[in-house]
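Some notes on the structure that comes next.
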Amino acid sequence: MIKIKDSFDLLKFLKKQNLLENSPEFWWPNSNDFEITIGAILTQNTKWENVEKSLKNLKDLNLLSLEALIEVDIEILIKAITPSGFKNQKSHRIKLFAKNILDEFGSFENFQKNVSRAWLLNQKGIGQETADAILCYGCHQEFMVVDKYTQKLLLLFNYKFDSYEDLSAWCEYGINENLDRIYELYGYEISLNKLYCRFHGKIIEYMKQSKSKSFTRVEK
């Protein structure tokens, strides 16, 4: 019977499964940071396959830049992101988000270096999970993303959390307290950002692959 006492144990368990063998280095499907940032908003309440269709439409229309998103006619943007659902709401929020980045930071690159979690959470339509996804994958900052897959996986190990903050803290604490052991596990000094990216990716891939299987609860 598998026993998990902290997130380091969970990381070890997931790493043995070779879940990211054919995945990008930082797991997220897109390598362009701006595309990742917009994708983090589009993926709210929809499947990633739908987001990929929307991102392709945006790319074909040359709309993957702050200036282009600000200037584009709203009806064109709505049509482009229709596959992601909530097209009217998301299109208005993306335009406002792009404008606020340009007004506040002057460029996307400056945004990446200087944006705070508090600033992101103050943006309309950006909650904790989306903010952390943007910070982790789009800005390469040291934030761990947790989501419904994380919650469901940890329930299998009899861990239940009352809030997003508690779940996030549990995941981050076990990693931060065992960095030397993690470097030994990986065979090199992996950056904390890359580690968080891949840890989150392993959780999602494990849960997706296990979706059709029946689970037995295990002990801590």
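The values are calculated or read from the model by the stated rules, or taken from the named source; none is laboratory data. These numbers were taken from a predicted model, which means no experiment stands behind them. Glycine gets a Cβ as well: all are built from the backbone with ideal geometry, and neighbour counts include every protein chain shown. Keep in mind that these areas ignore ligands, DNA and RNA; they rest on the heavy atoms of the full protein, side chains included. Shrake-Rupley method; radii C 1.70, N 1.55, O 1.52, S 1.80 Å.
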Picking from Ile175, Ile203, Ile182, the residue that is more than 18 Å from the chain's Cα centre (by Cα), open to solvent by less than 10 Å² (accessible area, probe 1.4 Å), modelled with pLDDT of 95 or more and β-branched (Val, Ile, Thr) would be Ile182
Count of residues meeting criterion [more than 14 Å from Lys15 (Cα to Cα) and assigned to a helix (DSSP H, G or I)] in segment 165-193: 15
Across segment 12-62, what is the total count of residues that are of a type in the set (Phe, Trp, Tyr) and open to solvent by 90 Å² or more (accessible area, probe 1.4 Å)? 0
Exactly one of Phe34, Phe86, Phe26, Phe97 is among the hydrophobic types (A, V, I, L, M, F, W, C), at pLDDT below 95 and under 24 Å from Leu120 (Cα atoms), and that one is Phe26
Anything in segment 118-146 that is surrounded by 18 or more Cβ atoms within 10 Å (Cβ to Cβ) and either of a type in the set (Asp, Glu) or under 13 Å from Cys171 (Cα atoms) (or both)? List them, or say none. Glu129, Asp132, Phe143, Met144, Val145, Val146
Kindly indicate the residue of segment 150-164 that is in contact (Cβ under 8 Å) with a residue 24 or more places away in the chain and in a loop (DSSP other than H, G, I, E, B) and also nearest to Ile2 (Cα to Cα) among those meeting that condition. Phe157
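Take the conditions open to solvent by less than 60 Å² (accessible area, probe 1.4 Å), of a type in the set (Gly, Ala, Ser), closer than 18 Å to Ile204 by Cα and out of contact with any Cys (no Cβ under 8 Å at 6 or more places or on another chain) and apply them to Ser163. Does it pass?
Details: open to solvent by less than 60 Å² (accessible area, probe 1.4 Å): yes; of a type in the set (Gly, Ala, Ser): yes; closer than 18 Å to Ile204 by Cα: no; out of contact with any Cys (no Cβ under 8 Å at 6 or more places or on another chain): yes.
Answer is no for this residue.
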Given the conditions (1) open to solvent by less than 80 Å² (accessible area, probe 1.4 Å); (2) assigned to a helix (DSSP H, G or I); (3) farther than 24 Å from Gln128 by Cβ, report the number of the one that Ile76 does not fulfil. (1)
What is the number of the single condition among (1) in a loop (DSSP other than H, G, I, E, B); (2) open to solvent by less than 60 Å² (accessible area, probe 1.4 Å) that Gln112 does not meet? (1)
Taking first residues from segment 1-29 that are farther than 13 Å from Glu205 by Cβ and second residues anywhere that are among the acidic types (Asp, Glu), the pairs with Cβ under 7 Å that are 6 or more apart or on different chains are Met1/Glu219; Lys3/Glu219
For segment 90-109, how many residues meet the condition of being more than 16 Å from Ile41 (Cα to Cα), open to solvent by 40 Å² or more (accessible area, probe 1.4 Å) and in a helix (DSSP H, G or I)? 4
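Would you point out which residue out of Ser212, Ser191 is open to solvent by 20 Å² or more (accessible area, probe 1.4 Å) and at pLDDT 95 or above?
Values: Ser212 fails: at pLDDT 95 or above.
Going through Ser212, Ser191 in turn, the sole match is Ser191.
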